[in-house]
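Computed from the coordinates by the stated procedures, all read-outs in this text should not be read as laboratory data. Since the structure is predicted, the reported quantities are computational estimates derived from the model, not experimental observations. Glycine gets a Cβ as well: all are built from the backbone with ideal geometry, and neighbour counts include every protein chain shown.
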Amino acid sequence: MGRVSEDEVSVMTHDAEPTGGRRGASAPARRHPPKTRRPTPAPVVASPAITALEARIAELRAHPDGVHTPQTLVDAFRAEHASSPIIEPDPAGVPGLRVVTFALHDAAAERVLLFVNRLTDETDLDRSLMRRVPDTDLWHLSYRMPDDWIASYSYSVQRPGHLAPWERQPDQRGVRDALDHGLADPRNPSQITNRAGVRISVAALPHAPAEPWRAVRDGVPQGRLTAHAGPDGRRLWIYEPAAGDHGAVAPAPTPVLVVLDGDVWCDAQPLPTILDNMIADAAIPPVTAVFVDSADRERRWAELDAHGGIVDWLADRLRPWLVARLGGAIDLAPRRVVVAGQSLGGLAALAAVVRRPDAFGGAIAQSAALWQPDVAREAAACPPRGARIDLQVGLQEWVLLEPTRDLAAQLADDGVDVVLTEVDGGHDYAWWRRTLPTALRRQLAEPQDAEADPA
């Protein structure tokens with residue numbers, strides 16, 4: 001975390017007590033998301049480019065010329081298609097569709113599994129095994145996808161004499177861990193860091209959401225990012241926006257953005273840089289962001305679960321700590337405090353505005369874990385009409401898509417200010433970081449009036 005000011009770093013620990021109402025209480029048994037098959041198999045198709053290559057190889061085998069071999073034809077193909085994946089027009093000419101071909105050159109591989117976020121069905125991995133062009137080093141697999149599709153992907157390679165990485169695991173969790181530690185595509189410079197901390201590749205078709213604010217820009221002042229031991233010793237990072245050309249702290253008071261899984265978003269996913277650039281472009285006002293560490297996997301599941309207690313910790317422990325630390329530099333009126341999260345974090349963000357409207361007025365819930373129905377039921381019983389809610393979900397998330405649509409419709413019918421955004425993608429940082437700014441612009445828009453929040 002190169003941006004974190006060293007002189008601001010306090011002693012930090014992962015061993016703090018559980019949050020909020022969980023302290024000293026017996027927690028319900030951990031619930032697991034359902035492992036259901038894709039409702040329809042991923043749309044595997046033949047690539048016109050690969051088909052033409054195989055035709056040339058077949059012609060060569062029928063009529064050897066003494067010069068070329070199947071591998072030399074593949075080498076020429078590789079030079080012609082220098083980047084991966086290969087994106088081609090739909091062979092049937094259907095507007096809005098493309099053929100996406102993943103191509104890996106590995107002569108020593110025995111089998112290669114292509115792991116594409118939510119195209120790969122973890123209950124049927126054989127469908128994601130790549131095909132090899134015989135007598136060459138080329139492995140390939142093609143899908144027919146809408147031209148706004150985006151997904152992260154990686155390769156898992158079986159070597160001769162060894163079990164495949166995905167087959168030497170004792171359970172589904174081990175299989176997923178093996179898939180999360182795949183290899184990035186060496187011919188694709190677009191990469192992202194997954195939840196396991198592994199660099200993997202990103203396939204983004206021409207009309208996928210853009211990310212104009214991701215890269216550091218010359219001349220844009222950087223906000224200050226500092227690390228702290230927050231309430232109960234939990235690790236926190238605070239982003240304070242810069243103002244002017246010299247990086248001075250922005251005028252007070254600013255709205256507050258609370259980011260769950262903050263350890264990911266202030267490092268692997270460059271949200272501080274995104275905020276710098278959005279503020280510089282006047283896309284959002286200056287904002288103070290608080291990145292909340294999720295610690296290890298088990299603690300994350302325990303705390304961000306619908307029964308986990310993180311919401312009360314944010315309201316009753318974090319808010320007073322922020323007042324003591326930042327005072328008048330921040331505006332903690334509920335309408336000016338937004339909670340953002342993904343997956344279980346998205347569920348917790350929703351729970352924040354449903355359960356604690358006295359503390360939180362905005363929620364950005366990306367791919368919220370609505371396979372847990374508790375929060376949606378609470379919202380139906382007591383609609384959070386004073387909140388602004390942004391729901392975002394991937395069209396490839398077959399477990400979450402319909403519950404998210406249902407919740408959006410329910411909230412709208414109940415008069416809640418809700419916006420639903422659907423992205424052709426999976427459960428994936430590849431699109432979460434691209435569409436988060438859209439929700440930030442709406443959530444952080446300056447208030448239209450100066451009326452105080454109702455008592």
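Points worth noting:
- Principal axis box of segment 276-319, alpha-carbon based, largest edge first, Å: 39, 23, 15
- Size of electric dipole in segment 204-245: Cβ of Lys, Arg +1 and of Asp, Glu -1, about Cα centre, debye, nearest 20: 140
- Backbone HN-Hα couplings from phi across segment 186-203 [Karplus 6.51/-1.76/1.60, Hz, Gly and Pro as x]: x, 10, 10, x, 7, 9, 8, 9, 7, 4, 7, x, 9, 6, 10, 9, 10, 9
- Around the Cα centre of segment 323-393, unit charges on the Cβ atoms of Lys, Arg, Asp and Glu (plus for the first two, minus for the last two) sum to a dipole of about 140 debye.
- This model, with +1 at the C-beta of Lys and Arg and -1 at the C-beta of Asp and Glu, gives the chain a dipole about its Cα centre of some 620 debye.
- Sorted peptide list for 107-113, 170-176, criterion being average Cβ within 10 angstrom, highest first: 107-113, 170-176
- Ranked by how many other beta carbons lie within 10 Å on average, peptides 429-437, 315-323, 385-393 from highest: 429-437, 385-393, 315-323
- Bins of 10 Å from zero: percent of alpha-carbon pairs in the chain: 4, 19, 28, 24, 15, 7, 3, 1, 0
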